[in-house]
Amino acid sequence: GDNLTFELIQHRFTKSAKRVILERFPHTSLDLNEENRMYKWGKYGRGKYVYPKEAAQ
């Protein structure tokens, strides 16, 4: 048979992205609670909120 591959993409957000998401989609079901996320420093000195490693596996 054919092989099927796929990639899971995690939702992550910055503080400014969270503000925009909530302004445009006030009834979103996305979990935007920083307490449920881990803060990870990214390129260029900016950080973002990502899922903890346990949840990402």
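Just so it is clear, none of the values below were taken in a lab; they were calculated from the coordinates. Since we're looking at a predicted model, the values are computed, not measured. With ideal geometry, Cβ positions are generated from the backbone for all residues, glycine too; neighbour counts draw on all protein chains shown.
Computed over the chain, the per-residue total of -39500 (n - 2.57) for DSSP H runs of n ≥ 4 gives a 222 nm mean residue ellipticity of -6000 deg cm²/dmol, rounded to 500.
3J(HN,Hα) couplings calculated from phi for the range 20-31 with the Karplus curve 6.51 cos²θ - 1.76 cosθ + 1.60 (θ = phi - 60°) are, in sequence order, 5, 4, 5, 5, 7, 10, x, 9, 4, 9, 5, 7 Hz; Gly and Pro show x. Mean sequence separation of contacting Cα pairs (under 8 Å, at least six apart), scaled by the length of the chain, corresponds to a relative contact order of 38 percent. Annotation: extensible slack from Asp31 through Glu54 equals 6.7 nm (criterion: 0.36 nm per residue apart, minus Cα-Cα distance).
Charges at C-beta only: +1 for Lys and Arg, -1 for Asp and Glu. How large is the resulting dipole of the chain about its Cα centre, in Debye rounded to 20?
Here the chain has a charge dipole of around 460 debye.
The trypsin sites (Lys or Arg not before Pro) of the chain meeting both criteria, a DSSP state outside H, G, I, E and B (loop) and at most 10 other C-beta atoms within 10 angstrom of the site's C-beta, are Arg46.
Fewest neighbouring Cβ atoms within 10 Å first, the residues Glu34, Glu7, Glu54 line up as Glu7, Glu54, Glu34. Here the range 15-56 is treated as a Stokes sphere of Kirkwood radius computed over C-alpha pairs; at 10 °C and 1.306 mPa s its diffusion coefficient rounds to 139 µm²/s.
So, counting K/R as plus one and D/E as minus one, what does the shell of residues with Cβ under 15 Å around Asn33 add up to?
+3
Each of Tyr39, Tyr51, Tyr44 was scored by other Cβ atoms within 10 Å of its Cβ. Arranged with the fewest first, they read Tyr44, Tyr39, Tyr51.
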